Amino acid sequence: MSRALPKYNKRRVAIIGGAAAVALSGAVIAGSALAGETSENNNGQAGTFASPGTISCPAVDGSLPAIPASAQDEVTRNLALLDTQIAEANKRLVDTVGQGGANFVQNAILGPLEDKRVATLNRIETAIGRTAAKPEGLEALAPCELNADGAADTGDEAGGEAGAEPTETATEEPGGATDEGDAGDAGAVGTVNCPAVEGSLPAIPASAQDEVTRNLALLDTQIAEANQRLIDTVGQGGANFVQNAILGPLEDKRVATLNRIETAIGRTAAKPEGLEALAPCELNQ
């Protein structure tokens, strides 16, 4: 993907980048229902969680060039998907209030949301680029931020104020087992298994070889990072924590990387399609 913005889009994106704190859209107020939510503190007395805040993301539609009629429906669907992703992230703020450690919101909500937005913004660029000049650099609009009214309750303080027992960090032992000190063996955390990609690629033009090689290496790095997160977060979250905080975000990252591989090859040869089918991964217990 080119690093340069088209002339007609460069100024518009620059304005968005400079005023991200002002041009934010899609924040869904999701915390008001928590006003009465209580938990037991260490003395058996009821305590109240503060509002978890809401998520705000940069507006996208104002940064787009003229949209060809042939791309309008696809772009509209993906713009709506961006709003849906924000709404889902705000719901997760509510559903997971008090869970995880100091970086839980960033690692389990804001980070995965950014990955989803990168993939969606890439699809918007690709849709427009099929019949017009392809916009570049929309990924700059992917990061979102938390407008926190009581974000401290999603961090370390939640353990003490809500009466939760602190979770010791697990350390990896040979064979993937974990050791939590005197707490006993937590069992193997498993590893992430993803479909191979290289064997599904067509002949790669020489002009695309370096970019494709970089992105294939990035796929390996993403898997390694996900495996490390399995170790670092053992014992955190609920029943769906691994899927929501590790496997789901990994799939979003792989979709974006596979899209870049398709685009790199497609610049000078027939563009491969459908590599996104190789994005989902699974946990080997």
Determine whether the stretch 28-50 contains at least one residue that is under 20 Å from the mean Cα position of the chain (by Cα), modelled with pLDDT of 85 or more and open to solvent by 50 Å² or more (accessible area, probe 1.4 Å). no
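To keep it simple, each residue is scored yes or no on (1) assigned to a loop (DSSP other than H, G, I, E, B); (2) hydroxyl-bearing (Ser, Thr, Tyr); (3) surrounded by 14 or more Cβ atoms within 10 Å (Cβ to Cβ).
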{"residue": "GLY235", "(1), (2), (3)": "yes, no, yes"}
{"residue": "LEU247", "(1), (2), (3)": "no, no, yes"}
{"residue": "ILE265", "(1), (2), (3)": "no, no, yes"}
{"residue": "ALA269", "(1), (2), (3)": "yes, no, yes"}
{"residue": "GLU273", "(1), (2), (3)": "yes, no, no"}
For the stretch 94-117, what are the residues that are surrounded by fewer than 23 Cβ atoms within 10 Å (Cβ to Cβ), in contact with an Asp or Glu (Cβ under 8 Å, 6 or more places away or on another chain) and either aromatic (Phe, Trp, Tyr) or not in a loop (DSSP other than H, G, I, E, B) (or both)? LEU110, ASP115
Total residues in the stretch 204-232, condition in contact (Cβ under 8 Å) with a residue 40 or more places away in the chain, polar (S, T, N, Q) and open to solvent by less than 60 Å² (accessible area, probe 1.4 Å): 1
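The values are calculated or read from the model by the stated rules, or taken from the named source; none is laboratory data. Here the structure is a predicted model, which is why all the values come from computation and not from measurement. Note that we place each Cβ from the backbone using ideal geometry, even for glycine, and neighbour counts take in every protein chain shown. When the accessible area is computed, the model is the full protein with side chains, heavy atoms only, and any ligands, DNA or RNA have been set aside. Shrake-Rupley method; radii C 1.70, N 1.55, O 1.52, S 1.80 Å.
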